[in-house]
Structures are given as C-alpha cells and as structure tokens.
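> I have a structure here, written as structure tokens, and I will follow up with some questions on it.
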Amino acid sequence: MLGTVHPADVAGVRRLARDGLLAGSAAAAPPGALARLRGGVYSVAWPLVFTRITRPLEHRRRHTDCARGLEWLRPDCLDRFHDDVEAVVDHALRRATDPIDNLEGWLSTRLNPATVDAHRRRRGEIGALQRPRLPSWLADALGGDPWLCDLAVQLLVWVGVPATAGAELWPLDSWGARRTELTGEPVADRDTLDGEVRQVLAAMRTRERWYAEHVERPLGHKQAPVAPMPAGLPALQLVGRDELADARLAELAEEALAAIEIRLNRGETAAAAVTTVLRLVFGEDPGPGTARDDWLVAALADPARVDEIVATALAILGR
C-alpha cells in the first residue's frame, strides 16, 4: 500500500476532502476508484498513525527497535500498525462528510476514536469482551480478593489480544510484576501465579456459557504456543551462561520499568517508586558476594547514584 499510491491519488483525496465530498465519493465509487481513494487516504494517514500511536506504544512496550521506523517493526507490531492505519482510513471514508481544509489536522483528531472503535470491533468479532469489566458474580466467586479480581480482568483483556506469550499460554511474567505492585508482596514464583490463574478460570467456569463465549472462543483465535522440547532431549545451548544471565537481567529490567510506571501513575515520587521497585524486583540480597548484590547495595546507599538511576528510568519512560 505504501509504495503503490500515485501522487495524483493523494491530491485527489485532498481536493475531495476540501469540497466535503470524500465520504460521498467513497460510498459511490466502483472498486477500482475506491482502491485509489483508500490508497490516497492511507498515504496521508500512515505517518500520523506511526508518529502518534505506533511509536509511543512501542516505547511503552520497550520495543526501542520498533520505535525507530516502519522498517524496524517486528511482524506482530507491523500487523498492528497496518490494522490501525486501515481503521483510520475506514473512519475517514465514512465520516469525512464536511469540507476539510487540513486533512492531516482532521485525521489527527480522529486517530484515537477510529483505532479504539476498530480494536473493540475486532475483539467483539472473536467473542472477547470489548470493554473488559469484572462481573459482580465473578467478584463474589473470587471472594472480592483485589489481586484475583484484577487478574480476572487482565485475563479477559489478554484472551482478546492477538499477541501470544511465546511458548506459554499466559503472560505470567508481566502479571507477576503487576501482582507485586498491587499486593506489595515479593515477586511470586511461577507455580503460585499458575495456581492463581487456575483459580480465576475455575471461578469463570461456573458460568459455562459465558466462559465458552468470552474466554474459550477468543482464546481459540490465538496462535498456539510453541511446544517445549520433549523431556530427555539435550538442550541446544546457543549462547553462554553470561549471555543468558544478561538476557534475564534485561527481562527483569523491563519488569522493573513497568512496575515503576504503575507507581508513578499512582502519584508516588520518582525516587520512592524507583528505589522500591529495585528492591522488589532485583532484591537487596540476590546472593552473597555477587556483583549484582554489591552494585545494588552500593547504589542505593549513594544519593548521587540514586539520582542518576531515577533520571535514567524517567528518561526511558519518557517522563
């Protein structure tokens, strides 16, 4: 789409928009002319979508590579970008009924409603709740436990998201970080998280038809997780222990940033949010005499180092 639009198509779209005829022309256009109209609007819309929606989203997801430009987008991120642009194009070709002198300016005001409506529509098409909320009966079944109730909502959101959790069905790592933030407890192990997910699912299954429609059906549209290597087969070690440790630290850093952002949104001071999360996620005593232990203890004891760490975290989060 990006490379097949003639400049005359874009000029024609702008002229129709200025005359208040864009939506009417799209409604009456034969297939070939409609394709050219769509292409022209697409060419105007995609830079706005990338700048205003895709890039900020990729920064929030810590996909710094994807935020660099279209050619850097990962396949699933690229699919989401194209879905968002198509949503804006569809919106424009239905709603641009009045004269529009500045097409970019008008589209900028329509980005959020267009993409949000399309996202909800796609969720609804597969049975996922368009606006996941906790039903009162489910809250009662979970005993009103704040964390389990929140986990239930996260689960309802997740089943309608096209993304997968790698080789797993549920994104337990991100939910673990959220659990720590909401409960103030140390990071839970995976068995604990898995048990809590099972508890929530068991409560949901007490309403069989509701569960089948809003959990099983949308979940069935996700790509199946990659099967783990059968037991007994030797693991293929492609990287050394140091690289594996670095990768794990990078994962922990992403969890820490997500947790910091939650605390900042609650109104905590930056210093309190950052230092608390560092202690929770990395631990003040990960192992006697380890380099990470020495670094963390020394850093948290030095106000100047704490200021640097806080500033770095805020910069990464765009605050």
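> ³J(HN,Hα) across the range 168-182 via Karplus (A = 6.51, B = -1.76, C = 1.60, θ = phi - 60°), whole Hz, x for Gly/Pro?
For the range 168-182, the Karplus-derived couplings read 10, 7, 10, x, 4, 4, 5, 5, x, 5, 5, 4, 4, 5, 7 Hz, x marking Gly and Pro.
> Right, another one. Compute the convex hull volume of the Cα atoms of the range 2-69, divide it by the residue count, and report the result per residue in Å³ as a whole number.
102
> Oh, and also: Going by Cα centres, the range 86-100 and the range 135-156 are how many Å apart?
For the range 86-100 versus the range 135-156, the Cα centre distance is 39 Å.
> Rounded to a whole number, what is D in µm²/s for the range 1-135 from Stokes-Einstein with the Kirkwood radius over alpha-carbon pairs (10 °C, 1.306 mPa s)?
Here the translational diffusion coefficient equals 101 µm²/s.
> Would you mind classifying the range 80-213 by shape? Square roots of the alpha carbon gyration tensor eigenvalues, ordered a ≥ b ≥ c; an a/c under 1.5 is rounded, otherwise it is prolate if a/b is larger than b/c and oblate if not.
prolate
Values quoted throughout were computed directly from the atomic coordinates according to the rules given, and no laboratory measurement underlies them. Source: prediction; values computed, not measured.
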